[in-house]
Amino acid sequence: MATPADVLQDSDARRAGGAAGAVTLTLRIRRFNPEISQDSWWDEFTVEADPLDRLVEVLHQVKWYHDGTLSFRRSCAHGICGSDAMLINGRNALACKVLVDDVGPRVTIEPIRGLAVLKDLIVDMDPFLEGYRTVLPFLINDSGEPDKERLQSAEERARFDDTTKCILCAACTTSCPIFWGDEGYIGPAAIVNAHRFIFDSRDEGSRERLKILSEKTGVFRCRTTFNCTDACPRGIQVTKAIQEVKRSILFDRF
Ligand code: SF4
Ligand code: FES
């Protein structure tokens with residue numbers, strides 16, 4: 001079995017030698033560096049890549065071999081950590097889940113919208129995480145420690161299964177036109193994470209969360225454009241979750 005070192009060596013050799021099957025990809029990347037200019041600018045890089053390379057690998061190639069100042073977040077490279085959401089050909093996506101074959105021969109890459117850009121593709125995630133914190137994204141249960149685990153039926157677990165899959169990548173929130181125009185809006189990702197606990201039969205904090213989400217910064221700012229559902233790399237039915245929270249506020253008389 002190939003070790004990670006073998007894979008890296010293969011990939012470097014392919015890039016250096018131009019392996020059969022390699023394609024030419026031109027990346028147009030929106031750059032920003034406040035130490036150079038207050039305005040953003042575009043840079044273009046042309047690289048050889050395998051059609052099955054992921055875009056995050058090509059960005060590494062640009063950083064390691066063309067311009068070491070290019071800045072972007074990434075960690076797991078497997079669609080799990082949520083750190084490399086970017087605007088790829090006008091759509092929010094994780095760079096590690098997009099193949100060269102999906103976007104070549106030219107691709108445009110920009111930072112996600114609605115959050116201040118700190119440098120190149122890195123945005124300030126603080127306002128996004130502030131919204132997340134607001135909805136109390138943790139189990140609340142003051143009934144005392146159980147002797148064993150807190151039991152739940154398969155049906156009760158299934159009620160919030162979809163929203164457990166969130167990786168906090170911000171692709172949904174930063175694809176939302178309401179969020180772009182209204183900094184106060186808590187945003188889809190925070191509502192998804194509230195949904196995960198509101199519909200958990202073991203949790204006792206729903207009333208408090210629904211009260212927070214009924215405020216003017218909460219769910220009723222949503223205009224159901226479905227951008228969030230389209231953007232979610234985990235396939236979460238984000239708009240459906242928002243609608244379920246709205247219905248709960250309107251009809252469950254919290
Ligand atoms: S709901 Fe989807 S798009 Fe939104 S933060 Fe979670 S994983 Fe990302
Ligand atoms: S690098 Fe972790 S999700 Fe893409």
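Some points to look at:
- Subset of the range 87-118 (residues that are over 22 Å from Arg54 (Cβ atoms) and not aliphatic (A, V, I, L, M)): Arg113, Gly114
- Long-range neighbours under 6 Å by Cβ, at least six apart or interchain, first residue assigned by TED's automatic domain parsing to the domain that holds Thr24 and closer than 14 Å to Leu27 by Cβ within the range 90-110, second in a strand (DSSP E or B) and among the β-branched types (Val, Ile, Thr): Val98/Ile88; Gly104/Val23; Arg106/Thr26; Ile109/Ile29; Ile109/Ile88
- In the set (1) at pLDDT 95 or above; (2) within 16 Å of ligand 2 (Cβ to nearest atom); (3) not aromatic (Phe, Trp, Tyr), Pro4 fails one condition alone, (1).
- Filtering the range 200-226 to residues that are surrounded by 20 or more Cβ atoms within 10 Å (Cβ to Cβ) and within 16 Å of ligand 1 (Cβ to nearest atom) leaves Leu213, Val219, Cys222.
- Considering the conditions (1) assigned to a loop (DSSP other than H, G, I, E, B); (2) over 21 Å from the mean Cα position of the chain (by Cα); (3) within 15 Å of ligand 2 (Cβ to nearest atom), Asp39 is excluded by exactly one of them, (3).
- Screening the range 49-162 for strands (runs of 3 or more DSSP E) wholly inside it with 1 or more residues that are surrounded by 19 or more Cβ atoms within 10 Å (Cβ to Cβ) and in contact with a Gly (Cβ under 6 Å, 6 or more places away or on another chain) returns the ranges 91-94.
The values are calculated or read from the model by the stated rules, or taken from the named source; none is laboratory data. Keep in mind that this is a model prediction, so the values were computed, not measured. All Cβ positions, glycine included, derive from the backbone under ideal geometry; neighbour counts span all protein chains shown.
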